[in-house]
Amino acid sequence: MQLKNYKDLAMLGLVIVTILAFQTQALFAQSQKSALRAYTDMSSVEAQDVLWLARILYSETKVREEQIIVAWVVRNRVESNFRGAESYKDVALSPSQFSGLWPSDSQYKLNISRSYEIKGDVSWTQALAIAQAVYFADDSLRPISENVRHFYSPEAVLKDPKWAVGKKPALVMRDSDKGTIRFAFYSGVK
């Protein structure tokens, strides 16, 4: 599909988010069968990957649909060994990536200390469920291209990152009340 302008891109984003809503139901139905799986070995690769993915999601946004797309972006990074990452922890701790996981961020200690034992925090439980669902999801549920490995929130930064200048996002997610762009997702960034 040839996108001629941001209006076309916004329409494509709306279609993707609609499809994503249906896929989300499938992901949650799948994860409910093993909902927040009780890992017997908390040091297992699976348990640690899901935990690090959930920390990224929790630190970036509390909005379910945004967390799902962010989770797929992170999975894309791991699967493509982006910046040499071999695990979700590698992606999470990659320099200058997820601002909520930077020691200078005011929420750093909260975000980095999240664990399976935390109860009563709905946002954290949601992040864990999404992390687990996306981690174990079949590739056919992938709502974005495997080349989408970058995103940022124009609401959270003072200026666009250098890597985004002159590039058109593959997907934008807007604030439904304000119409402003909450997240812009990019493919093909090196």
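Quick one: check the C-alpha center-to-center distance for region 96-172 versus region 41-94, whole angstrom.
The distance from the Cα centre of region 96-172 to that of region 41-94 comes to 8 Å.
If a/c stays under 1.5 just call it rounded; otherwise compare a/b with b/c (prolate if a/b is bigger, oblate if not). Do that for region 105-152, with a ≥ b ≥ c from the square roots of the Cα gyration tensor eigenvalues. Intermediate results must be reported in sequence, preceding the final value.
Working: a/c = 3.23, a/b = 1.54, b/c = 2.09.
Since a/c reaches 1.5 but b/c is at least a/b, the shape of region 105-152 is classed as oblate.
Take a quick pass over region 141-190 and tell me how many lysine pairs come in under 16 angstrom between Cα atoms, counting only ones 8 or more apart or on separate chains. Present the calculation step by step, with values, prior to reporting the outcome.
Details: K159/K167; K159/K168; K162/K190; K167/K190; K168/K190.
Lysine pairs satisfying the spacing and distance rule in region 141-190 number 5.
Stretch D177-E46 to full length: gain in nm at 0.36 nm per residue minus the Cα-Cα span?
On the way: separation 131, 0.36 × 131 = 47.16 nm, distance 3.73 nm.
Here the segment from D177 to E46 would lengthen by 43.4 nm.
Where in region 50-154 are there trypsin sites (Lys or Arg not before Pro) that are in a DSSP coil and have at most 16 other Cβ atoms within 10 angstrom of their Cβ?
Numbers: sites: R55, K62, R64, R75, R77, R83, K89, K109, R114, K119, R149; in loops: K62, R114, K119.
Passing sites in region 50-154 are K62, K119.
Using each residue's phi in region 100-107, evaluate 6.51 cos²θ - 1.76 cosθ + 1.60 at θ = phi - 60° and report the 3J(HN,Hα) Karplus result to the nearest Hz, with x for Gly and Pro.
In residue order, the calculated couplings are x, 10, 8, x, 7, 6, 5, 9 Hz.
So how do F82, F185 rank on accessible area, 1.4 Å probe, biggest first, that is with the largest at the start?
Highest to lowest solvent-accessible surface, that is F82, F185.
Report the dimensions of region 46-184 along its three principal axes from the alpha-carbon atoms, largest first, rounded to Å.
Computed over the Cα atoms, the extents are 42, 32, 29 Å.
Note down the magnitude of the dipole of region 99-169 about its Cα centre, charges +1 on Lys and Arg C-beta and -1 on Asp and Glu C-beta and zero elsewhere, to the nearest 20 debye. Let's see the in-between values first.
Details: 9 positive and 8 negative charges, 60 e Å.
My answer is approximately 280 debye.
The values are calculated or read from the model by the stated rules, or taken from the named source; none is laboratory data. What you see is a predicted model; the values in this text were computed from it and never measured. Counting neighbours? That spans all protein chains shown, and the Cβs are built from the backbone with ideal geometry, glycine included. Surface areas here come from the heavy atoms of the whole protein model, side chains and all, with no ligands, DNA or RNA. Shrake-Rupley method; radii C 1.70, N 1.55, O 1.52, S 1.80 Å.
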